[in-house]
Amino acid sequence: MKTFFRVLKFVRPFIGLFFIAISFNILFALLSTVFIAVIHPVLQILFNSTSDLQLTNVSALGSIKDSFYASIRSIVLVENQYESLLRLCVFIISLSLIRNITKYISSITSTRLNEKIIKNMKDTLFSKISTLSMDFYTKHRSGELISILNNDVGSMHSSIDPFMSTIFRNPVEILLLLALLLSLSPWLTFVAFSTSFVGVIVIRIATKYIRKYAQRIQQAHANSTAVAQETIYGIRTIKSFSAEKRMIDVFKKHTTDMVKDLVKVSRIQSLAPSINDLVAIISLAVVLYMGGSQVFEGTMNGADVMQFLFALFAIMSPISGLTNIPIQIQRGIVSAERVFKVLDTTESVKNGSKSIIGFNDSLVVSNVSFEYREHNPVLKNISLELGKSKKIALVGASGSGKSTMLDLLIRFYDPNDGTITIDGENIKNVKLEEYRSLFGVVSQEAQLFNDSIRNNILFGSPKATDEEIISAAKLANAHSFITELPDGYDSIIGDRGIMLSGGQKQRLSIARALVANPQILLFDEATSALDSESEKLVQDAINTLLIDRSAIVVAHRLSTILSCDCIYVFENGSIVEHGTHSELIEIENGVYKNLYSIQFAM
């Protein structure tokens, strides 16, 4: 129930629509009850049995019932029976028309409310996922998150949609029909509902099993979505290893598991209502026998018995809808729990409160240590400094901690120990968005979007002018190849820039980083994945950019960082050497000297 009430909190922004939906659903329930109650006057007119009124129960409910019947008779009864019948038919048609208009409005209003709630939840979930810290993404597959956003929210919708109309309408309809039943015969009402405990037991058992299978279904959904996403993303690698069949088999396994559990849920969902329907029919049959016996004995009139049977039959539908809610919403509740698990995740990297205007003096890392997993340190006691308009380089073998150091500098993560300060201020105290806006980042793999070249560059600065876009492209050595494309800057580059070469993507990535005119440039092995020709073009662009700029360069190829003001050598998560190229090359048996010798010997 806690999860259910949390879902209802998403109704708050649409409280006006919520009350409109309630009002029309209650009105529909009222008209439905009136429609059933009209049956009694119909029987009296058809069989001219006004004398039966003498047997009406003397009670508060009986008085209300009799007043209602009297009102109907005053509207439709005249001396001519045919005219009375015609009036009754017109009354029934008019009542039905109003009832169906009300039903239509309530349905549209409820659907609109449901869709707005789901949209609100999906928007909230996407916003939360987008703002969570990077450590969240290291613990979850992207396909699993996509599944939660689409499959789980969709499952919540399919469960909430019928629920929202049912919870508004059915209780009111049940209470009104129950009052009608009690006004006719309290004893028969007790008999009719004495079998209801059987349905309650069935629903309780069914709910338990559906919840278990619903959890399996949503997990299978997540697994299949993750496999599909990973296959599409890595299709080049999969095809190069002829691994299509393996990925297909994995996908089929997850979808097979999902189908099996869906069938099991369907069996329970179909069986429970069938059992309840059977119990309801038995109840009707018992009431028919006992009510008929009272008619034969003269203790109850025929019109009241028929009215009771119609009302009892009518009340079964809303009761069935209400009792089936626990079954219907189990998948939705399981999905909601998965959604709220994400929504309840707290950001490990907290936003600071202090504003920062620019980079004026230095960026200092002091005794920083970091680990992704406990007792498995990636960085150990790191200290380094970047001065204004200076360039430093981080070098070392793969896995030595260079890229992780960059992630800490732009606050994808916070260090476990030590501090990072900018112009003397701990970066944890600075507003995150303002701090990151100081940086222009170019990674080894250019992450581009399936959009135009113009919009990909604008991603770095949405308010940039065409002149600024072209200027950034020229600095990145990208303008020439862009203008050669059929649509120039409006060319669509495909998913992840698939229509561009590696060098073109990297130069476009550099232009995107430059268009915002960042004060600190970060290059994370920006040329290591390129061929010689592309590497030269990209390196020429980088060399141009580094003039009079602050920059941190992570490089595998040492030839790209010879002119840096300071080079920090990483080994197994620690800085083992630092200095200029000329200073490091003089260290006998030094790590840097060995790396340099190996590369230039080749």
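The values are calculated or read from the model by the stated rules, or taken from the named source; none is laboratory data. From a predicted model like this one, the values you see are computed outputs, not experimental measurements. Every residue, glycine among them, receives a Cβ derived from its backbone with ideal geometry; neighbour counts consider all protein chains shown. Only protein heavy atoms, including side chains, enter the accessible area calculation; ligands, DNA and RNA are left aside. Shrake-Rupley method; radii C 1.70, N 1.55, O 1.52, S 1.80 Å.
Here is a check on your reading of the model: is Ala476 surrounded by 22 or more Cβ atoms within 10 Å (Cβ to Cβ) and at pLDDT 85 or above?
Details: surrounded by 22 or more Cβ atoms within 10 Å (Cβ to Cβ): yes; at pLDDT 85 or above: no.
Against the criterion (surrounded by 22 or more Cβ atoms within 10 Å (Cβ to Cβ) and at pLDDT 85 or above), Ala476 does not qualify.
Got a sec? Which of Val34, Val90 is modelled with pLDDT of 75 or more and loosely packed, with under 13 Cβ neighbours inside 10 Å? Lay out the reasoning, then the answer.
Numbers: Val34 fails: loosely packed, with under 13 Cβ neighbours inside 10 Å.
None of the others qualify; the one that does is Val90.
Working only within segment 555-602, note down all residues that are over 11 Å from Val395 (Cα atoms) and of a type in the set (Lys, Arg).
Lys593
From the residues in segment 390-419 that are of a type in the set (Val, Ile, Thr) and within 22 Å of His375 (Cα to Cα), which one is surrounded by the most Cβ atoms within 10 Å (Cβ to Cβ)? Give the steps one after another, and end with the answer.
Let us first name the residues in segment 390-419 that are of a type in the set (Val, Ile, Thr), namely 392, 395, 404, 410, 419.
Now drop any that are not within 22 Å of His375 (Cα to Cα), which leaves 404, 419.
Numbers: Thr404: 20, Thr419: 14.
Only one residue tops the list, namely Thr404.
Considering each of Leu27, Leu46, Leu61 in turn, give the residue that is modelled with pLDDT of 75 or more and in a helix (DSSP H, G or I). Step through it out loud before you land on a result.
On the way: Leu46 fails: modelled with pLDDT of 75 or more; Leu61 fails: modelled with pLDDT of 75 or more.
Selected residue: Leu27, the only one of Leu27, Leu46, Leu61 that is modelled with pLDDT of 75 or more and in a helix (DSSP H, G or I).
Every residue in segment 490-499 that is modelled with pLDDT under 85 and open to solvent by less than 40 Å² (accessible area, probe 1.4 Å), please.
If the condition is that a residue be modelled with pLDDT under 85 and open to solvent by less than 40 Å² (accessible area, probe 1.4 Å), then Gly494, Gly497 are the ones that fit.
Restricting attention to segment 446-460, which residues are farther than 13 Å from Ile470 by Cα and open to solvent by less than 20 Å² (accessible area, probe 1.4 Å)?
First pass over segment 446-460, keeping only residues farther than 13 Å from Ile470 by Cα: 446-452, 459-460.
Of everything in segment 446-460, those that are farther than 13 Å from Ile470 by Cα and open to solvent by less than 20 Å² (accessible area, probe 1.4 Å) turn out to be Ala446, Leu448, Ser452.
So Tyr435 passes all but one of these: (1) out of contact with any Gly (no Cβ under 7 Å at 6 or more places or on another chain); (2) part of a loop (DSSP other than H, G, I, E, B); (3) at negative phi. Which condition number does it fail?
(2)
Residues are listed down the side, and each one gets a yes or a no for (1) crowded, with 17+ Cβ neighbours inside 10 Å; (2) modelled with pLDDT of 70 or more; (3) on the phi < 0 side of the Ramachandran plot; (4) aliphatic (A, V, I, L, M):
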residue	(1), (2), (3), (4)
Asn223	yes, yes, yes, no
Val227	yes, yes, yes, yes
Gly234	no, no, yes, no
Thr237	no, no, yes, no
Lys252	no, yes, yes, no
Lys260	no, yes, yes, no
Ala272	yes, no, yes, yes
Tyr289	no, yes, yes, no
Glu297	no, yes, yes, no
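Could you identify the single residue in Leu485, Leu475 that is under 23 Å from Phe439 (Cα atoms) and more than 37 Å from the chain's Cα centre (by Cα)? I'd like the intermediate steps shown before the answer.
Values: Leu485 fails: under 23 Å from Phe439 (Cα atoms).
Going through Leu485, Leu475 in turn, the sole match is Leu475.
Restricting to segment 177-196, count the residues that are in a helix (DSSP H, G or I) and crowded, with 22+ Cβ neighbours inside 10 Å.
As a first pass, look at segment 177-196 and keep what is in a helix (DSSP H, G or I): 177-184, 186-193, 196.
In the following step, the residues that additionally are crowded, with 22+ Cβ neighbours inside 10 Å were identified as 177, 180-181, 183-184, 188, 192.
Residues meeting the conditions: 7.
Filter segment 411-432 for residues that are touching a helix residue (DSSP H, G or I) at 6+ places or on another chain (Cβ under 9 Å) and either free of Cβ contacts under 8 Å to residues at least 40 places away in the same chain or not in a loop (DSSP other than H, G, I, E, B) (or both); which is farthest from Phe523 (Cα to Cα)?
First, pick out the residues of segment 411-432 that are touching a helix residue (DSSP H, G or I) at 6+ places or on another chain (Cβ under 9 Å): 411-415, 419-422, 427.
Now narrow it down to the ones that are either free of Cβ contacts under 8 Å to residues at least 40 places away in the same chain or not in a loop (DSSP other than H, G, I, E, B) (or both): 419-422, 427.
Working: Thr419: 22, Ile420: 19, Thr421: 20, Ile422: 19, Ile427: 20 Å.
My answer is Thr419.
Contact list please: Cβ distance under 8 Å, first residue in segment 248-260 and within 18 Å of Glu144 (Cα to Cα), second residue β-branched (Val, Ile, Thr), pairs at least six apart or on different chains.
Short answer, once both residue conditions are applied: Val250/Val227; Phe251/Val227; Phe251/Thr231; His254/Val227; Met258/Ile217.
Any chance segment 343-365 includes a residue that's open to solvent by 10 Å² or more (accessible area, probe 1.4 Å), among the hydrophobic types (A, V, I, L, M, F, W, C) and under 30 Å from Ile167 (Cα atoms)?
Yes: segment 343-365 contains one or more residues that are open to solvent by 10 Å² or more (accessible area, probe 1.4 Å), among the hydrophobic types (A, V, I, L, M, F, W, C) and under 30 Å from Ile167 (Cα atoms).
Please work out if Ile117 is at pLDDT 80 or above, among the aliphatic types (A, V, I, L, M), touching a Lys or Arg at 6+ places or on another chain (Cβ under 9 Å) and surrounded by 19 or more Cβ atoms within 10 Å (Cβ to Cβ). I'd like the intermediate steps shown before the answer.
Numbers: at pLDDT 80 or above: yes; among the aliphatic types (A, V, I, L, M): yes; touching a Lys or Arg at 6+ places or on another chain (Cβ under 9 Å): no; surrounded by 19 or more Cβ atoms within 10 Å (Cβ to Cβ): yes.
Against the criterion (at pLDDT 80 or above, among the aliphatic types (A, V, I, L, M), touching a Lys or Arg at 6+ places or on another chain (Cβ under 9 Å) and surrounded by 19 or more Cβ atoms within 10 Å (Cβ to Cβ)), Ile117 does not qualify.
Of these, Ala526, Ala513, which one is modelled with pLDDT under 80 and crowded, with 22+ Cβ neighbours inside 10 Å? Outline the logic, then answer.
Details: Ala513 fails: modelled with pLDDT under 80.
The match here is Ala526.
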